[in-house]
Amino acid sequence: MEWYDGGITDAISAARDEDKLITVYVYGENPQSEQVASALNSVLLSSINPRVISLKLKQPSPELTQFAQVFPVLIVPSLYLICPHTGVALEVLAGPQQTETILDKITEVLNSRQAKPAEEASMADPTSPVVHAEEGAPAEQQAAKGEASAPPEPGPATPVEDKIDDVSGGDSSMISLEDKVQRVTRLIEIRREEKAQQEAEETRRREIERREALKNIQRIKREREDKEMKDLAVQKQKERDEEKRYRAQVQEQIKQDRLERQQRQQQNDDDRRKRMQEQQEEAERRKAQNSVSANIMFRLPDGSTVTRLFPADDDFVQVRNYIAGVKNLSNFSLALNFPRRVFEADCDQQTLRELQLAPSAVLLVIIKTQSGGAFSSGVVQSSSRGLWEMLAVPFKLVMSFFTSFLEGIFPPAPIAAPAAASTTEANRDAPGPSRKRSQTSGVRQRTPYQRNGNITRLNTSDESDNETNTWNGNSTQQM
């Protein structure tokens, strides 16, 4: 079939002017529509092209919506055979159709229009068009055919039905028919505008709903993000607290371990010192028990010392008598410095081994006054002498500095060493400082360096090549 390219209004006008039958093919996107379209495009239908104007309306489309407002579309695909003068559907082919069936129906309608042009309007009823379905069609198409062929229930007439009634009853005059067609066209336009307005309202309503839904989605998303951020912050704070608590526990454990280790170390040191002291005391006791002599050193109040070797089994009274006879002492007492112990008259009958004075000991000679108190001792004099030596240290340093400076400028002449004196028993019994001076040689000690301008030469006791090493004022050594 040849399909008309214009609109519905143009097709109606052309069909009315040329007195042709209008065929409207309603199709969709399904296999049945493809089968009917193949049948309509068959060569067998080319013979009826000059006598019909064919239109195609796709579902969904605005043209089909306008068409459905006048002619109800119950089944897709469907083929409507409409009279151009009355606007009445003469035949409706619903469902899949064969080419021969379509050709027979169209030929039958064309022949009936030629045979009965006057009876066409009275025989057709737009509200109950004849629907022919192919045998063996699906059950739902048969049900739709039954609904289409059944007479409509009585009810209030719609404007479209009133319009169709007016068109069906107006075949008495061509002028009135044209007016009715125009009225139908205007009605279709009004319906189209109403439909467009409804669609605009629906679109606006959907847009409002979409915006509200978008706002709700964004709000829910923000709330979820805020909740996630709060949960993350709480989790991080919890992790920090856990880490801080764990770190504090570790530090406390380390501190406790260090304290325990120190305590164990201190305990071990104390035990070791105690064992060493006990071993030392035991060794001293054994040594005292095994020794056969006791080397006693007497420290006198003037700082001098006297040494005497006694048998370990002698009584302490012999030691007292010896120092009294040697130094011509009458009222005195003997004592140990460490551990502090004063030997009274009750110790005179004990042996030196029993008093733990063997194999050696240092006894302090303490002179007693008329009142019975001691007035001096070697310890007191030693402390006094140490105090004076401490006070004299700065003066000695200053004198040593000036002496070294002057000796560097004016080197001293060598002095011959005198012959060494022999040591006698009396010299050994003499006080410590005098004996020390007697043992010291009269040779002047050699200065550790010699100054020659800004260059100072080191004086060493060996005869190696290092004697030639010199160093200048900026501490650089020269060979």
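The values are calculated or read from the model by the stated rules, or taken from the named source; none is laboratory data. Predicted model only: the values in this text are computed from it and were never measured. Quick reminder, even Gly has a Cβ in these numbers, built from the backbone with ideal geometry, and neighbours come from all protein chains shown.
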Counted residues, the range 1-17 - those being small (Gly, Ala, Ser) and in contact (Cβ under 8 Å) with a residue 40 or more places away in the chain: 3
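Test Arg286 against the criterion of being assigned to a helix (DSSP H, G or I), under 60 Å from the mean Cα position of the chain (by Cα) and surrounded by 10 or more Cβ atoms within 10 Å (Cβ to Cβ), and give yes or no. Show your work before the answer.
Details: assigned to a helix (DSSP H, G or I): yes; under 60 Å from the mean Cα position of the chain (by Cα): no; surrounded by 10 or more Cβ atoms within 10 Å (Cβ to Cβ): yes.
Criteria not met by Arg286.
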- request: Among the numbered conditions (1) under 30 Å from Phe67 (Cα atoms); (2) in contact (Cβ under 8 Å) with a residue 40 or more places away in the chain, tell me where Ala200 comes up short.
  value: (2)
message: Exactly one condition in (1) modelled with pLDDT under 75; (2) under 60 Å from the mean Cα position of the chain (by Cα) is false for Ile217; which is it?
response: (1)
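Mind checking which strands (runs of 3 or more DSSP E) fall wholly inside the range 298-382 and carry at least 2 residues that are at pLDDT 85 or above?
Values: elements: 305-311, 332-336, 341-343, 360-368, 374-376.
Here the list reads 305-311, 332-336, 341-343, 360-368.
Each row is one residue, and each column tells you yes or no for (1) among the hydroxyl-bearing types (Ser, Thr, Tyr); (2) surrounded by 17 or more Cβ atoms within 10 Å (Cβ to Cβ).
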{"residue": "Asn321", "(1), (2)": "no, no"}
{"residue": "Ala324", "(1), (2)": "no, no"}
{"residue": "Ser330", "(1), (2)": "yes, no"}
{"residue": "Gln349", "(1), (2)": "no, no"}
{"residue": "Glu354", "(1), (2)": "no, no"}
{"residue": "Ala358", "(1), (2)": "no, yes"}
{"residue": "Ile366", "(1), (2)": "no, yes"}
